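Quick note: the coordinates plus some simple rules give every number you see, no bench work behind them. Being a predicted model, the structure only gives us computed values, none of them experimental. Because the Cβ atoms are built from the backbone with ideal geometry, glycine has one as well, and the counts that use them run over all protein chains shown.
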Amino acid sequence: MKKIEIITRTEKLEIIKKILVNHNCLGLTVYSVMGCGRQKGHISKAENDDVATNLLPKIYVMTVVKDSELKLIMNDIYNEIGTGTHGDGKLFVSNIEDAMRIRTGECGENAL
C-alpha cells in the first residue's frame, strides 16, 4: 500500500476526488493549508509598497491506495490538474506497512 499526499491549489479538490473515485479509492482526508514553494508566494501592491505574501491558500489531500493503482493515479493527477505553471503543487508517495479498518478488524489492502 502507498500513501499519497497532494498539496495543490484549492480549486483542484473536486478533480482529485473524481480521479480517486474512478480508481475505487473512496477514503481521503483533506486539510485547508497555507504554503509556498520555490516562488515563495507572490508580490502584491499595497499603497504603493510591494508586499510579499509568503503563504498562499492550498489544499492538502491524503489517501492510501493499493500498489497496483499508484502509477495510474499519479498519471491521472498529472494530466488532470497539471497546468505547467508555478503553483501546481507536489505529490508525495510513501510506503504503508499495514492498515486496519477498526470497525471490522480487516487488515492490509482489505482495510482500504
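A compact table of results
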read-out: Tilt relative to the chain, helix 70-81 - C-alpha long axis, 0 to 90 degrees, to 10; value: 30
read-out: Förster radius 25 Å - calculated FRET efficiency between CYS107 and GLU11, Cβ distance, rounded to 0.05; value: 0.10
read-out: Ranked HIS86, HIS23, criterion: other C-beta atoms within 10 Å, fewest first; value: HIS86, HIS23
read-out: Listed residues ILE16, ILE96, ILE73, most fluctuating in the chain (Gaussian network, C-alpha, under 10 Å); value: ILE96
read-out: Relative contact order, percent, the chain [alpha-carbon distance under 8 Å, six or more residues apart]; value: 41
read-out: Kirkwood Rh (inverse of mean 1/r, distinct Cα pairs), segment 52-112, angstrom; value: 14.3
read-out: Rg and Dmax of the chain, Cα atoms only, in Å; value: 17.0, 61
read-out: Using alpha-carbon coordinates, inclination of helix 13-22 to the longest axis of the chain, degrees; value: 20
